[in-house]
Amino acid sequence: MITIKNVTKEYAGKTAVKNLDLVVPDGKIFGFLGPNGAGKSTTIKMITGILPIDEGTITVNGYDIASQSIEAKKLFGYVPDSPDIFLRLKGIEYLNFIGDIFDIPKDIRKEKIENLTKSFGIYEALDNHIQTYSHGMRQKIVVSGVLLHDPDVWILDEPLSGLDPKSSYTLKEMMREHAAKGNTVFFSTHVLEVVEQLCDEVAIINKGKLQFRGNMKEMKEQFEADETLEKVFLELTSNE
Amino acid sequence: MNKTFRLIRTMLKMQYSLAGKSSGEKIGYVLLAIFLIPFSGIIISVLNSIVETLYDQLAPSGNENALLGLLFVGMTIVLLFVSLSSVLSSFYFAEDIEGFIPYPFHPYQLLAGKAAAPFINLYVTSGVLMVPILTLYGIHSGAGFIYYIYALLLFLIFPVIPFTMMAILLMFFMRFANIAKNKDRTKVFAGLLTFVFIIGFNVIIRLNQNPEQTAEGAAQLIQQQNGLLNIITGMIPTAYFSTMALQNAKALNGLFFLLLLLALSVGTIFLFLTAGQKLYFKGVLGLTAGSTKKFNSGKVSKKIKTQPVFLALLLKELRIIFRTPTFFMQIVVQSLFGPVFLVVILVFESSSGSIGALGSMLEQFDGKAPLLLLFILTLFILGVNPASYSSISRDGRSWPANLYLPVPAKTVIFSKVMTAWLINLLSIILLAAVGLAVIQMPPALFIAWIILTFLASWFTSLVGTSLDLNDPKLNWTDEQEVFKSRFISLIALLIEMGTFGFIVLLLWNIDSLQSLWMTSLLLALLLTIAIGISHVALRKLIGTKFLKTR
Ligand SMILES: Nc1ncnc2c1ncn2[C@@H]1O[C@H](COP(=O)(O)OP(=O)(O)OP(=O)(O)O)[C@@H](O)[C@H]1O
Ligand SMILES: [Mg+2]
């Protein structure tokens, strides 16, 4: 469970997120929507401890990300919006690195690395530098890293944007399974079809402010029933 | 032409822009400038006395121009080295080139843009070395107005030929390096090869100046005008032309040599652009690709090993340094540069017999003097190593991983300090080998020196990492930016050399302190205190900066 309480973030005078209150419950796939520049990545970076929080608090399964950061960080896995990290490492070295950091025993590590990378189709590229990977492959290696340490809470910033249909399907299945086990899955996206297929609950943010929070049914109910999700989204995020 | 200038401006802006620099760094520049004024005063007065002495000795036989010849030969070699590293990094290691390729530029236009940054390096180098010496020479020879005009023109023209020659050579090497499979490695290798090539070139020049022969010949040569100049500049005609231009500034003769050099320079620029048009794209495009090997099953279990977190972080740092061509050149090769240079010089001098005596000379001293000298020299070599002050900045866009992974901040930072210390170890080993094998250092001195060096290395690693953590440059698009237009190296050196330079000076002058052991004990104690202070400072910085850095 992620609890965001009255969180505000400014970049050099410009407010990116304003008085945000949001609870991401367990056992559900939670979609975080909003137009470009709405503050999605900013929020996610605050949850993960990358950005300091100006005002308010965020806890992950009860651990405060600011004051109990190590405990909190052990609980979640994060897929950043740009997967271009550790480019000079080989895929296998990256996964080993993650394995060492999360203290994963050798036999589990081996089995998981094989299964995950095979199902994403990057097994054969494991001995190559991440620099030689395509955008989607880089995303897959980062996702594999997260799944390797099997955290309770998944935080994914546009995880599906570069994936091919098959891998996208695989990841969505994994997200469903994970939530079904009672864990937290929190992800941001622009793609409305994904939201429609996948999400149990959504939050819509625009210009740093929360516009809507509820399940899909509520979202549609709030508007005329025959409207497409696209229209709802456009209406919710239109500039007043 | 207009477009080419635009391109040059854009490329330079990306590397040298002050925008986005914190006010702290800007204040740093000002402080640095103030610090440098008295420093440069000292250097100029030293140069002045050297020029004066040499001039007065050579002038009676009409050989004073040998001084200019020496300057231009020396400059050629220095400029070749500077060109090598800056052309390599600007033309081949900087991967920003891919961003420009999709636009309709001719290779020669991109080449001109790419040449801008190296040229700035060259002019800074020759500004520091050539301008003061030429001016001093002018003063001592009572030269007229035209001399200074010529000197200025030479300052502008002279770097062109070393640059173009080196660039053409490199483009030629790289053209073939690009065929290789593991491109990152080959890229570095081609660079090293050229490095060896220049050292070889120097060796040839030095061998041709067989000391005995020179001494014999000099007596005769010195009797004829220009005799000395001819042997000094024998291998490098441009140095000869430049000297002659200045020497005969008043006569038509001088203008002839100046124009000759100008024509040659224009010619080589032309050659450079033509060669570039043919070779550059073939050398650089696709050069960023790494090797690709297939991973067959079963292999994975061999590659999986568990390590403690600290070791995992340390290995990650080392892998990144050794695999990234720019980091490898700037950090590993550069840190070996000083020691290797020392070796080359020492080995040469020792073949003439003067160094073999150095060991026994040191033995006679046996007090604190050799230790203090060695210590300050080593501190300097360790201090200029960028491994420490690029600690944080190297991470670039991967830095946020340090923030979201559950690793304590101090583990991350100290793995970086340790990395810098390990890289320093390379130069220490090399220096130690020289100390034992070539100089034949007395064992007591050697032991004292090596213990102090290990401590000093930890100290410089801490200072550099702290400075980088205080104001890192993470938003780079190219690794070059980690090292360029950041005065952090000088600040680190100022702190390290400032404190210990003062301490060494103090110890040197305390007459009651003479024994080697007392001096080393005292130095070790002071180093430990300095390390303690830096530890506290770094921990404070981790507390305040770590989470705010991104
Ligand atoms: N490093 C930064 N410095 C200054 N402003 C920033 C920075 N990062 C983001 N912003 C600003 O904060 C606001 C929110 O950005 P954010 O990246 O959170 O948007 P987003 O919802 O993730 O958008 P996208 O859908 O494009 O990923 C934007 O207005 C952006 O301009
Ligand atoms: Mg975003």
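The values are calculated or read from the model by the stated rules, or taken from the named source; none is laboratory data. Everything numeric in this text was worked out from a predicted model, so none of it was measured. Cβ sites come from the backbone with ideal geometry, for glycine too, and all protein chains shown count toward neighbours. SASA here: full protein model, heavy atoms, side chains in, ligands and nucleic acids out. Shrake-Rupley method; radii C 1.70, N 1.55, O 1.52, S 1.80 Å.
With every protein chain kept in the model, how would you rank B:HIS106, B:HIS140, A:HIS129 by accessible area, 1.4 Å probe, largest at the top?
On the way: B:HIS106 95, B:HIS140 55, A:HIS129 25 Å².
The ordering from most to least exposed comes out as B:HIS106, B:HIS140, A:HIS129.
Can you list the lysines whose alpha carbon sits under 18 Å from that of B:LYS13, skipping same-chain ones fewer than 8 residues off?
Filter leaves B:LYS3, B:LYS21, B:LYS26, B:LYS114, B:LYS473, B:LYS484.
Computing the accessible area with a 1.4 Å probe over protein heavy atoms, can you report the carbon and sulfur percentage for region A:82-151?
49 percent
Please give the per residue accessible area of region B:309-548, computed with a probe of 1.4 Å over protein heavy atoms only, in Å².
Each residue of region B:309-548 exposes 40 Å² on average to a 1.4 Å probe.
Using the Cα centre of region B:309-548 as origin and beta-carbon charges of +1 (Lys, Arg) and -1 (Asp, Glu), tell me which of B:LEU525, B:ALA409, B:ILE321 is placed farthest towards the positive end of the dipole.
The residue sitting most towards the positive pole is B:ALA409.
Averaged across the residues of A:99-106, what count of C-beta atoms belonging to other chains lies within 10 Å of each residue's C-beta?
5
From largest accessible area down, sort B:PHE172, A:PHE120, B:PHE502; use a 1.4 Å probe on the protein chains. Walk me through the intermediate numbers first.
Numbers: B:PHE172 110, A:PHE120 5, B:PHE502 135 Å².
I get B:PHE502, B:PHE172, A:PHE120, largest accessible area first.
Could you order A:THR48, A:THR3 so the one with the most accessible surface comes first? Probe is 1.4 Å. Please report the intermediate quantities before stating the final value.
On the way: A:THR48 0, A:THR3 25 Å².
Putting A:THR48, A:THR3 in descending order of accessible area: A:THR3, A:THR48.
Report, in debye and to the nearest 20, how large the dipole of chain A comes out about its Cα centre when Lys and Arg carry +1 and Asp and Glu carry -1 on their Cβ.
That gives a dipole near 520 debye.
Once Lys and Arg get +1 and Asp and Glu get -1 on their Cβ, which of A:SER41, A:GLY31, A:LEU236 lies farthest toward the positive end of the dipole of chain A?
Comparing the listed Cα positions along the dipole, A:SER41 ranks first.
With unit charges on the beta carbon (Lys/Arg positive, Asp/Glu negative), name the residue among B:PRO442, B:PHE454, B:LEU430 whose Cα is farthest towards the positive pole of the charge dipole of region B:391-550.
B:PHE454
What's the FRET efficiency of B:GLN277 with A:HIS135 using the Cβ-Cβ distance as r and R₀ = 35 Å, to the nearest 0.05?
Using R0 = 35 Å, I get an efficiency of 0.60.
Rank-order B:536-546, A:79-89 by packing density, defined as the average count of other C-beta atoms within 10 Å over each peptide's residues, highest first.
Sorting B:536-546, A:79-89 by mean packing, highest first, produces A:79-89, B:536-546.
Between B:PHE256 and A:GLU111, what is the label-point separation in nm under the 7 Å Cα-to-beta-carbon projection?
The modelled label-to-label distance comes out at 8.9 nm.
Once you've got the Cα coordinates, tell me which of A:LYS14/B:LYS545; A:LYS5/A:LYS207; A:LYS14/A:LYS172 are over 26 Å apart. Can you show the working numbers first?
Details: A:LYS14/B:LYS545 22 Å; A:LYS5/A:LYS207 18 Å; A:LYS14/A:LYS172 35 Å.
Going by Cα-Cα distance, A:LYS14/A:LYS172 fall outside the 26 Å limit.
Dipole of region A:82-151, Cα-centred, from +1 at each Lys and Arg C-beta and -1 at each Asp and Glu C-beta, to the nearest 20 debye?
The dipole of region A:82-151 has a size of about 140 debye.
With the cut-off at 1.5 for a/c, could you classify region B:402-472 from its C-alpha gyration tensor as rounded, prolate or oblate?
Because a/c hits 1.5 or more and a/b exceeds b/c, region B:402-472 counts as prolate.
Where a Cα-Cα gap under 21 Å defines reach, which lysines qualify for A:LYS166, not counting those fewer than 8 residues away within the same chain?
Correct list for A:LYS166: A:LYS112, A:LYS118, A:LYS140.
Mind jotting down the distance between the C-alpha centroids of region A:187-205 and region B:473-550, whole Å?
Rounded to whole Å, the Cα centres lie 52 Å apart.
Nearest 100 Å², what total accessible surface is buried between chain A and chain B (probe 1.4 Å)?
Counting protein atoms only, the buried area is about 3900 Å².
How shielded is B:120-127 by partner chains, expressed as the average number of their Cβ atoms within 10 Å of its Cβ atoms?
Going residue by residue through B:120-127 and averaging, the value is 0.
Below 15 angstrom from the Cβ of A:ALA179, what's the summed charge of the other residues (Lys, Arg +1; Asp, Glu -1)?
-3
Where the centre of each part is set by its Cα atoms, how far does region A:107-185 sit from region B:64-105, in angstrom?
One Cα centre to the other: 45 Å.
From the square roots a ≥ b ≥ c of the eigenvalues of the alpha-carbon gyration tensor of region A:1-88, which class results: rounded (a/c under 1.5), prolate (a/b over b/c), or oblate?
On the way: a/c = 1.26, a/b = 1.03, b/c = 1.22.
The shape class here is rounded.
So, taking all protein chains as they sit and a 1.4 Å probe, how much accessible area belongs to A:LYS181, in Å² rounded to tens?
Approximately 150 Å² for this residue.
Quantify how strongly other chains surround peptide B:317-323 by giving the mean number of their Cβ atoms within 10 Å of each of its Cβ atoms.
Mean number of neighbouring Cβ atoms from other chains: 3.
Summing +1 for each Lys or Arg and -1 for each Asp or Glu, what net charge is found among the other residues whose Cβ lies under 10 Å from the Cβ of B:GLU317? Each step should come with its number before you reach the end.
Working: positive: B:LYS316, B:ARG319, B:ARG394, B:LYS416; negative: B:ASP395.
Every neighbour counted, the sum reads +3.
Just how large is the dipole of region B:408-550 about the Cα centre, in debye to the nearest 20, putting +1 at every Lys and Arg Cβ and -1 at every Asp and Glu Cβ?
For region B:408-550, the charge dipole is close to 580 debye.
At 1.4 Å probe radius, can you tell me the per residue accessible area of region A:82-151 in Å²?
Averaged over the residues of region A:82-151, the accessible area is 31 Å².
Counting only residues 5 or more places away or on other chains, whose amide H sits under 5 Å from the amide H of A:LYS28 once H atoms are built in the peptide plane?
Excluding prolines and chain starts, which carry no amide H, the hits are A:VAL185.
When only Cα pairs under 8 Å and 6 or more residues apart are kept, what is the percent relative contact order across region A:82-151?
Computed over region A:82-151, the figure is 51 percent.
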